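Trainee: Supplied in structure tokens, the structure appears directly below.
The values are calculated or read from the model by the stated rules, or taken from the named source; none is laboratory data. All of these numbers come straight from a predicted model, not from anything done at the bench. A quick note on method: Cβ atoms are made from the backbone with ideal geometry, for glycine too, and the neighbour counts reach across all protein chains shown.
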Amino acid sequence: MIDILFAALAFFAITGAVAMLLYKSPIYAALGLLISVISVGGLFALLSASFMFMVQIIVYAGAIMTLLLFILMYLNIEDKDLPQEPRRNFLIGLGIAIMLPINALILDTVAKMPQADMSIVEEGFGGVKEIGLILYKDWLIPFELISILLLVALIGSVVLAKKRKAKELN
Amino acid sequence: MTSLLGYATVSMILFSIGVIGVIARRNIFVIYMSIELMLNAINLFLVTFARYHFNMDGQIVSIMVVAIAAAEAAIFLSVIILLFRSKGKLDTDIFTELKQEVE
């Protein structure tokens with residue numbers, strides 16, 4: 001049962017990513033990425049990371065991708081605005097040629113690691129309580145630094161979005 | 001199939017597609033989405049190894065990666081909107097504008 005779920009989620013994740021790579025229109029690319037992101041969330045659930053599953057659905061699929069789709073619809077992008085990509089297929093081939101040896105190296109290393117039980121843990125792993133305890137005990141300073149980073153990003157986007165004079169814009 | 005190697009294969013394939021997207025596409029939105037896909041693949045790798053070692057630190061790191069991705073989304077998208085409004089195209093060439101000197 002878990003094997004079937006894993007195969008289906010992996011298939012959807014990779015298919016969505018390939019759709020993102022190949023579609024010319026950014027809306028279709030964003031929808032492909034949305035499928036991929038939700039499938040990766042399902043893989044998190046199979047790895048018994050239930051809190052990461054919720055974060056993936058809420059933050060990635062719910063916030064980031066919705067923001068991206070809103071902006072794509074709001075900008076009203078037409079076909080003439082899209083860039084010409086005459087060398088796309090050649091560059092995709094080049095990218096595959098670059099990435100294949102790196103993949104082979106890493107997967108060969110991973111295959112040599114000892115096998116371990118990867119089944120779903122019923123309780124006491126990856127839930128809100130366990131994650132929260134570790135986050136506030138062992139990772140308190142990185143957590144605070146990340147919150148400052150988010151504040152800086154918030155201020156930065158507000159500054160960028162403010163109205164400016166016409167001569168500044170050009 | 002649901003072994004360490006299976007999850008690592010999926011995550012490396014997703015990461016490679018992200019790298020290929022950054023190399024091959026010129027649409028700035030697709031490049032942004034490729035970066036998000038790479039961050040997602042790294043998250044999958046981290047969560048896989050967290051389960052493999054039965055240690056939740058990997059999940060904490062991946063939560064921080066999600067926070068960084070959210071911060072990146074805010075800044076990246078507002079910069080793209082400003083550049084698209086003033087230039088009217090989505091080519092990566094619009095970023096050559098940044099090297100000109102401001103009067």
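The rows are residues; the columns are (1) of a type outside the set (A, V, I, L, M, F, W, C); (2) more than 8 Å from every other protein chain (Cβ to nearest Cβ); (3) under 18 Å from A:ILE131 (Cβ atoms); (4) touching a helix residue (DSSP H, G or I) at 6+ places or on another chain (Cβ under 7 Å).
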residue: B:SER11; (1), (2), (3), (4): yes, yes, no, yes
residue: B:ILE31; (1), (2), (3), (4): no, yes, no, yes
residue: B:VAL61; (1), (2), (3), (4): no, yes, yes, yes
residue: B:VAL66; (1), (2), (3), (4): no, no, yes, yes
residue: B:PHE76; (1), (2), (3), (4): no, yes, no, yes
residue: B:VAL79; (1), (2), (3), (4): no, no, no, yes
residue: B:SER86; (1), (2), (3), (4): yes, no, no, yes
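Trainee: Out of the helices (runs of 4 or more DSSP H) lying entirely within segment A:1-109, which hold 2 or more residues that are more than 8 Å from every other protein chain (Cβ to nearest Cβ), surrounded by fewer than 20 Cβ atoms within 10 Å (Cβ to Cβ) and touching a helix residue (DSSP H, G or I) at 6+ places or on another chain (Cβ under 7 Å)? Please lay out each step first, then the result.
Mentor: Details: elements: A:2-22, A:26-46, A:50-55, A:65-75.
Helices (runs of 4 or more DSSP H) meeting the threshold: A:2-22, A:26-46.
Trainee: Does A:ILE120 fit the bill of being at pLDDT 80 or above, not in a loop (DSSP other than H, G, I, E, B) and not aromatic (Phe, Trp, Tyr)? Explain how you work it out, then say what you get.
Mentor: Working: at pLDDT 80 or above: yes; not in a loop (DSSP other than H, G, I, E, B): no; not aromatic (Phe, Trp, Tyr): yes.
Here the answer is no, as A:ILE120 does not meet what is asked.
Trainee: Looking at segment B:2-20, which of its residues are among the aliphatic types (A, V, I, L, M) and closer than 15 Å to A:SER119 by Cβ?
Mentor: Within segment B:2-20, just B:LEU4 meets the criteria.
Trainee: Pairs needed: first member in segment A:128-143, surrounded by 11 or more Cβ atoms within 10 Å (Cβ to Cβ); second member anywhere, among the charged types (D, E, K, R); C-beta distance under 8 Å; at least 6 residues apart or different chains.
Mentor: A:ILE134/B:ASP57; A:ASP138/B:ASP57; A:TRP139/B:ASP57
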